[in-house]
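Notes follow the structure.
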């Protein structure tokens, strides 16, 4: 039992190949976390609820993608169905259930989400079975890995990072520049006024929830080839993405990106230096941020 | 100076002093009667299953009622309260397995350890706003759970603490005897509930209610909100740990599930089920949830779905706990009698 292995960490930091390998693995953890966390932060920013069942959307995204891939053999369709399926699920979930607990106390919102965490996990267990599943790497990416400065980088990782960055850019620009983005930001500030000006705020709430669910589903679909699928897989992702939003600041997209990358790097390098304390390192970082900046690194006004 | 003078010249306010003693005597009486009834139970019904059920009710009931001190009385929605339940179970089990001290010593030592952990975690958490508080406590729960899983040499990892917990007899009380264990659990439950009731009815308890209703006003009149919240967080943790210790004694071991977040979720649901507006609501909720759990697990392996639907029914449909209905019904009847 080695609790702290600083030699391993130091020797990795000294070697370019190890540095590249660990950084890319940190980046993909971070990018997946970002996609989940940004949905969480977006939903919180506009709807003022924390979607405690957000991890379930990540899980459904992965399972939808696996099924679509097994049926069609097309990886693009797999990703698409993961994202689209969870978007529809998010819309239904918000309109039928969550919309009933807005403005009620946090306890009720948490309870409704808690109920759905239980239900969704069991639904997955019913449909796909309780055992571990894996989707397998699509044929297009079964190619020899790239070597950058001696470090191993599978090409799929590059795709994953690219898609996540593209999603971040589209989301950030869309919210800042587009008309819909402006309406969403206005609804976050003052839903009553937006509604009085003739916009259907229910539609906006449903849309934002669907968008958040879609991003988590996209993360799940992207993760499906490189992670094993199991009922309940969403929960640890939910906790980590919540830590990300606490670090970055609730409601901030840039905060979610920076927070997710930091957590990803902490996880990948921490597993070398503190193999038994990797998770603890993450929490320690969260505590430091919470104590020094309770609103998070970028938390000020809601997006 | 002027303020001082104003204070001197003002008439002392006539505050009716409420004597808390009759209420306390009543609580003592209720506690004694409850204990005697519970102690007589094995003579009336010999079924081991029933006694097991009561022991589990004692463990979960202490946990859920202590959570209500946070949720119902102080407005602190902790989603990680189960960590102290797990901590109690593991702390006690390890203490008994590794050191072989008498049971009361291990009991007190576990409470001391819980106190230290609760002070550290509470100091970080209690100043956070409600949703942050809920999730950061949840995050700490997951930290403790993952520590238990990864620290295999000490905790046995996902297999749990196995090999049984030694239960040497102390002053003639032999906890490996099922009846002795039952009586001890009942005693701990009744004493725990009595103490929590005294906390809830004390001036400090009313301070907590004020913090729940309006923390800003409370701090304006000179209450140290942060400290009051921390104190109740730590006290609640101690009672939750006691529940965990009963559980560890009952199963003669400790399992990672005791520290998993679902325990906290169930605690919150128990409070919702029974109602947070009455002191005994969580106790009623505990009995209901355990019956529900036992029935559902016997009928289907997908008990998450059933439980989830029941939660939705309560949270969206009824919007109240069972005891809330009972209290309302009584109030209504009393109103009718008067009118």
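List of remarks:
- Remark: mean inter-chain Cβ contacts per residue of B:298-308 equal 5, using a 10 Å Cβ-Cβ cutoff to other protein chain atoms.
- Between 0 and 90°, nearest 10: helix B:322-338 axis offset from chain B longest Cα axis: 40 degrees
- Each principal axis of the Cα cloud of the stretch A:66-105 was evaluated for its coordinate range; sorted largest first, these ranges are 45, 13, 12 Å.
- Put simply, the convex hull of the Cα atoms in the stretch B:48-198 casts, on average, a shadow of 9.9 nm².
- Folded to 0 to 90 degrees: helix B:82-99 orientation relative to chain B principal axis, Cα: 50 degrees
- When chain B is treated as a GNM with alpha-carbon contacts under 10 Å, the residue of B:183, B:221, B:211 showing the greatest mean-square fluctuation is B:221.
- For the residues of B:126-135, the average number of beta carbons from a partner chain within 10 Å of their own beta carbon is 5.
- When Rg and the Kirkwood Rh are both derived from Cα coordinates, the Rg/Rh ratio for chain B amounts to 1.01.
- Sequence-distant contacts, meaning Cα pairs under 8 Å at least 6 residues apart, place the relative contact order of chain A at 39 percent.
- Taking Cα atoms only, the orientation of helix A:16-47 departs from the longest principal axis of chain A by about 10 degrees.
- Debye intensity ratio I(q)/I(0), log10, the stretch B:251-339, q values 0.23 Å⁻¹ (C-alpha model): -1.18
- Each peptide in A:127-135, A:235-243, A:164-172 gets a packing score, the mean of other Cβ atoms within 10 Å over its residues, and the list from highest to lowest is A:235-243, A:164-172, A:127-135.
- All Cα pairs of the stretch A:98-167, percent lying beyond 17 Å: 69 percent
- Ordering of A:194-207, B:247-260 by packing [mean C-beta count within 10 Å, highest first]: B:247-260, A:194-207
- Over the protein assembly as shown, the ratio between the Cα radius of gyration and 2.2 N^0.38 Å evaluates to 1.03.
- Highest-fluctuation residue, B:81, B:145, B:180 considered, GNM on chain B with Cα pairs under 10 Å: B:180
- Other protein chain Cβ atoms within 10 Å, averaged over every residue that makes up A:279-288: 4
- The stretch B:194-245 and the stretch B:281-339: distance between their alpha carbon centers, rounded to Å: 26 Å
- Value at 222 nm in deg cm²/dmol, rounded to 500, when DSSP H runs of n ≥ 4 in chain B each add -39,500 (n - 2.57): -24500 deg cm²/dmol
- The stretch A:234-275: equivalent-ellipsoid semi-axes (sqrt of 5 x gyration tensor eigenvalues, Cα, Å): 20, 12, 6
- Relative contact order of the stretch B:21-260: 42 percent, from C-alpha pairs under 8 Å at least 6 residues apart in sequence.
- Rg/Rg_globular for chain A, with Rg_globular taken as 2.2 N^0.38 Å and Rg from C-alpha atoms: 1.01
- Panel values: the stretch A:168-259, Kirkwood radius from alpha carbon pairs, Stokes-Einstein at 10 °C and 1.306 mPa s, translational diffusion coefficient 106 µm²/s.
A short reminder: the numbers here are calculations on the coordinates, not readings from a lab. Treat the numbers as computed from the prediction; the structure is a model and nothing was measured. Using ideal geometry, Cβ is built from the backbone for each residue, glycine included, and neighbour counts are taken over all protein chains shown.
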